[in-house]
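Engineer: Before I ask anything, let me first share the structure, which is written out below as structure tokens.
Read-outs throughout are calculated quantities, based only on the coordinates presented, and are distinct from any laboratory measurement. Everything numeric in this text was worked out from a predicted model, so none of it was measured. Methodologically, a virtual Cβ is constructed for each residue, glycine included, from the backbone with ideal geometry; neighbour enumeration extends over all protein chains shown.
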Amino acid sequence: MASPQALSSIASSVLFGGPPSAPPPPSAPASSSSSGTLQGGGLVGSSSTQQQSNQALGSLSSSGYVGAAHHVPTHRSYAHNSSRIRRHIDDTLGRGGDLAEACRLPPGEDVREWVAAHAVDFFSAITAVYQSLDGEFCTCDACPTMSAGLRFEYRWRDDPVDSDRRNKPKAIALSAPEYVAKLSAWIEAQLDNASLFPQGPGEPFGDRFDDVSRLIFKRLFRVLAHIYHAHFHHVATLGVAAHLNTCFKHFVIFAMEFDLVDSKDMLPLQELVERVVRRDAAATASS
């Protein structure tokens, strides 16, 4: 679990890129099954760890975040993306463009199309980082609850958007890997649902698109919060902290631009979020 000092160090990393200097690892749970060991201030994992990390992050640029990572772990996942939108995303991010500028809705584009394209990309990028941890560092023994620090525990509820308020399915406690696995399957199902996300040009978005897309972003933020609180020292050692940090900054700026995640749901990473917002405001004022 990340200490306040560790999160402060992470906050500086989020602003200035790359891992913080000598990231302090959290105390490992007694039941942890991680095969990595701490030696000389760095984590030395098993060979399977490095292989898993390389496979999960193989589509990412060696320089860090590339925006549209094209690593969505699904057979179809919202096949229709406007070529204009995809071109704009690639131009503003893949070539080192400004994140705030990249988040703004291009003139003449449909806001739902814009949000949908980014939902796919954030799902791809966040999943790629998590997959580098899953099975080795983020296990059912090491992370028996899906949490972000000591104050925030996340429980899973099936189809909360569809359910009548009086008959909502019961929220169940899951380990972090179980929660993320259910989330990935659920997001894929939403993206493949033609009644929500159009699968071809000219098809309309479903009436529930706004509610579902907000829930996708809310739940993806939970994965980011878990990674920062429980696994940032692993991410830094695996060499993907720069990707995670830039992905986080992009996610926060986009989510706030289109009101996709409530401020109360960002509380687990409030300090990091506030620094990103201040940095973005300063950059906007000076431009």
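Engineer: Roughly speaking, what is the centre-to-centre gap between segment 96-127 and segment 217-287 when only Cα atoms are used, to the nearest Å?
Structural biologist: Centre-to-centre (Cα) distance: 15 Å.
Engineer: Stretched out fully, how many nm does the piece from ALA173 to ASP98 gain, at 0.36 nm a residue minus the Cα gap?
Structural biologist: Between ALA173 and ASP98, full extension yields an extra 23.1 nm.
Engineer: Assuming R0 = 35 Å, can you tell me the calculated FRET efficiency for the pair ASN193 and GLN270, based on Cβ-Cβ distance, to the nearest 0.05?
Structural biologist: 0.60
Engineer: Rounded to whole Hz and in sequence order, give me ³J(HN,Hα) for segment 191-200 from the Karplus expression 6.51 cos²θ - 1.76 cosθ + 1.60, θ = phi - 60°, writing x for Gly and Pro.
Structural biologist: 5, 8, 8, 5, 7, 10, 10, x, 9, x
Engineer: Using each residue's phi in segment 248-263, evaluate 6.51 cos²θ - 1.76 cosθ + 1.60 at θ = phi - 60° and report the 3J(HN,Hα) Karplus result to the nearest Hz, with x for Gly and Pro.
Structural biologist: Running phi through 6.51 cos²θ - 1.76 cosθ + 1.60 with θ = phi - 60° gives 4, 4, 4, 4, 4, 4, 5, 4, 6, 4, 10, 6, 9, 9, 5, 4 Hz.
Engineer: I would also like to ask the following. Taking H as built 1.01 Å from N, whose amide H comes closer than 5 Å to the amide H of ASP134, not counting residues under 5 places away?
Structural biologist: Answer set, sorted by chain and number: none.
Engineer: Label ASP211 and VAL277 with points 7 Å out from Cα along Cα→Cβ: what is the distance between them in nm?
Structural biologist: 2.7
Engineer: Please list 3J(HN,Hα) in residue order for segment 170-178, calculated via the Karplus relation 6.51 cos²θ - 1.76 cosθ + 1.60 where θ = phi - 60°; whole Hz, with x for glycine and proline.
Structural biologist: 3J(HN,Hα) across segment 170-178, in whole Hz: 5, 6, 10, 7, 9, 5, 4, x, 5.
Engineer: Hey, another quick one. Can you tell me the FRET efficiency between ASP159 and GLU203 if r is taken as the Cβ-Cβ distance and R0 is 22 Å, rounded to the nearest 0.05?
Structural biologist: Once rounded, the FRET efficiency stands at 0.45.
Engineer: Could you give the length gained by full extension between SER263 and LEU150, i.e. 0.36 nm per residue of separation minus their alpha carbon distance, to one decimal place?
Structural biologist: 38.8 nm
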